[in-house]
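S.K.: The structure that follows is given in the form of structure tokens.
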């Protein structure tokens, strides 16, 4: 992986970076902000020239990037319109361990404020789908324009521990915000995630042995963006 931070069109460094990209030794490039010094200079033409100069690199390797202070002018407009990721309607955080079982000082509020609709977690060797939930408060009984994120625990692929049994499943009575839970032996599986367009997302949990769906749902979100505080709502659990 190659990491860099730009100043201007940086001819010598960029030429070396192109050589590195062609060497097939690396799997990605990380660009830590301050593009072109600056994107907006000369009416944006400097930004255009800089982006064209990256083609030999970005056409060969994934080009990962973050914003810098030099992208602040014009409300980050040049950065947002030159890269697609800042406008992605479906940001999906991945957690190894469910944040519902972690310390209260976590990222849940940040995700809520930024309008995250789906959070994927694991650690427990089970499958569980929750109703939209924020700070322990269930907000909806469906996934149409949810007012909080849907949490998925996708840890049921199988494991060998404790005399070949898969332990650490989710036991006990489900909370009222649990819409679907599966932990029985033999119901190992994986998920198929299909982002259909900017408003529709489909999740399908598939049983490994039969290749048949164990669970399936759609998220419809027509109002992507920051969220406000929530009001609790309880629903009938699905089993």
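Just so it is clear, none of the values below were taken in a lab; they were calculated from the coordinates. Since the structure is predicted, the reported quantities are computational estimates derived from the model, not experimental observations. Note that each Cβ is placed from the backbone with ideal geometry, even for glycine, and that neighbours are counted across all protein chains shown.
S.K.: When the chain is fully extended, how far beyond the present Cα-Cα distance does residue 30 get from residue 120, taking 0.36 nm per residue of separation? Walk me through the numbers before you get to the answer.
M.R.: On the way: separation 90, 0.36 × 90 = 32.40 nm, distance 2.44 nm.
The residue 30-residue 120 span can extend by a further 30.0 nm.
S.K.: Right, here's the next one. Compare the peptides 120-129, 215-224 by average per-residue count of other Cβ atoms within 10 angstrom and give them in order, highest first.
M.R.: Details: 120-129: 20.5, 215-224: 15.6.
With the highest mean Cβ count within 10 Å placed first, the list reads 120-129, 215-224.
S.K.: What share of all Cα pairs of the range 2-86, in percent, falls into each consecutive 5 Å distance bin?
M.R.: Histogramming the range 2-86 at 5 Å steps yields 3, 15, 28, 28, 16, 8, 2, 0 percent.
S.K.: So how much slack lies between residue 135 and residue 13, counting 0.36 nm per residue of separation and subtracting their Cα-Cα distance, in nm?
M.R.: Working: separation 122, 0.36 × 122 = 43.92 nm, distance 4.70 nm.
Working it through step by step, the gained length comes to 39.2 nm.
S.K.: Full extension from residue 198 to residue 48: what is 0.36 nm times the residue separation minus their Cα-Cα distance, to one decimal in nm?
M.R.: Numbers: separation 150, 0.36 × 150 = 54.00 nm, distance 2.71 nm.
Using 0.36 nm per residue and subtracting the Cα-Cα distance, I get 51.3 nm.
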